1. Take G110 and tell me if it is under 25 Å from S56 (Cβ atoms) and either at pLDDT 95 or above or in contact with an Asp or Glu (Cβ under 6 Å, 6 or more places away or on another chain) (or both).
2. Those residues that are in contact (Cβ under 8 Å) with a residue 40 or more places away in the chain and within 14 Å of P64 (Cβ to Cβ), I need them from the range 81-108; list them, please.
3. Just a yes or no: is a residue in the range 126-135 assigned to a helix (DSSP H, G or I), without any contact (Cβ under 8 Å) to a residue 60 or more places away in the chain and within 30 Å of I10 (Cα to Cα)?
4. Could you grab the pairs with beta carbons closer than 7 Å, sequence gap of 6+ or different chains, first residue in the range 17-31 and over 14 Å from E4 (Cβ atoms), second one of a type in the set (K, R)?
5. Kindly indicate whether K61 is of a type in the set (K, R), in the same structural domain as V133 (by TED's automatic domain parsing), free of Cβ contacts under 8 Å to residues at least 40 places away in the same chain and touching a strand residue (DSSP E or B) at 6+ places or on another chain (Cβ under 8 Å).
6. Taking the options V73, V69, V55, name whichever one is in contact (Cβ under 8 Å) with a residue 24 or more places away in the chain and touching a His at 6+ places or on another chain (Cβ under 6 Å).
7. Looking only at the range 1-14, which residues are out of contact with any strand residue (DSSP E or B) (no Cβ under 8 Å at 6 or more places or on another chain) and part of a helix (DSSP H, G or I)?
Amino acid sequence: MARELKLDAISIGAAGTFVVRRPVSRTRLREEIMRRLPFEADVMICEGNEILRLVSADPFKGQPTGQKVLHFVGVMANQKRHLPNVPLVLPSSGAWCLKILGAQGPFLHGLCRREMKAIGYLGQLDKIAGVAVTTRSWNTILRIARALEGGYNRAGG
């Protein structure tokens with residue numbers, strides 16, 4: 001689909017994440033994407049400068065890392081004015097599965113454990129935020145930032 005858009009777009013990963021480097025309105029981009037999909041979908045669009053601002057803020061500095069922890073970013077369909085107090089830890093008692101650390105612009109960022117229970121908590125982000133949310137790993141966000149800065153090659157980063 002990235003090639004079909006003819007907007008200097010590249011696909012990042014396998015989850016329908018595109019970086020569009022040619023100027024285009026959100027309305028036109030959403031229409032172009034929806035026209036090509038054989039199903040209804042929420043399409044989250046954010047500005048490149050929002051991604052670069054998030055990356056430069058380094059929201060995961062000092063947070064746990066490793067094979068058992070995933071740093072994630074949730075892209076919200078709309079920016080909410082009244083998000084829950086952060087950090088928000090789920091479940092509220094016992095060992096945490098998901099932590100929402102903060103919000104910046106259209107993004108929520110947090111940690112989740114790499115275990116099956118955490119998937120259920122990630123599935124609650126829409127309800128918590130009050131809008132549709134799609135999540136990507138921090139590594140995907142970093143790849144998007146590299147693409148925006150021109151340092152991405154189509155062979156994988």
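The values are calculated or read from the model by the stated rules, or taken from the named source; none is laboratory data. Note that the structure is a prediction, hence the values are computed from the model and not measured. Methodologically, a virtual Cβ is constructed for each residue, glycine included, from the backbone with ideal geometry; neighbour enumeration extends over all protein chains shown.
1. It is true that G110 is under 25 Å from S56 (Cβ atoms) and either at pLDDT 95 or above or in contact with an Asp or Glu (Cβ under 6 Å, 6 or more places away or on another chain) (or both).
2. Once the filter is applied, which keeps residues that are in contact (Cβ under 8 Å) with a residue 40 or more places away in the chain and within 14 Å of P64 (Cβ to Cβ), the range 81-108 yields only L101.
3. We begin by selecting, within the range 126-135, every residue assigned to a helix (DSSP H, G or I); these are 126-129.
Add one more test, that the residue is without any contact (Cβ under 8 Å) to a residue 60 or more places away in the chain, and what stays is 126-129.
Those left that are additionally within 30 Å of I10 (Cα to Cα): 126, 129.
Yes, the range 126-135 has at least one match.
4. Pairs that qualify, where the first residue is over 14 Å from E4 (Cβ atoms) and the partner is of a type in the set (K, R), are T17/R136.
5. no
6. V73
7. Of everything in the range 1-14, just one residue is out of contact with any strand residue (DSSP E or B) (no Cβ under 8 Å at 6 or more places or on another chain) and part of a helix (DSSP H, G or I), namely E4.
The rows are residues; the columns are (1) aromatic (F, W, Y); (2) surrounded by 13 or more Cβ atoms within 10 Å (Cβ to Cβ); (3) closer than 28 Å to R28 by Cβ.
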{"residue": "V69", "(1), (2), (3)": "no, yes, no"}
{"residue": "V73", "(1), (2), (3)": "no, yes, yes"}
{"residue": "Q79", "(1), (2), (3)": "no, yes, yes"}
{"residue": "P87", "(1), (2), (3)": "no, no, no"}
{"residue": "I100", "(1), (2), (3)": "no, yes, no"}
{"residue": "G120", "(1), (2), (3)": "no, no, no"}
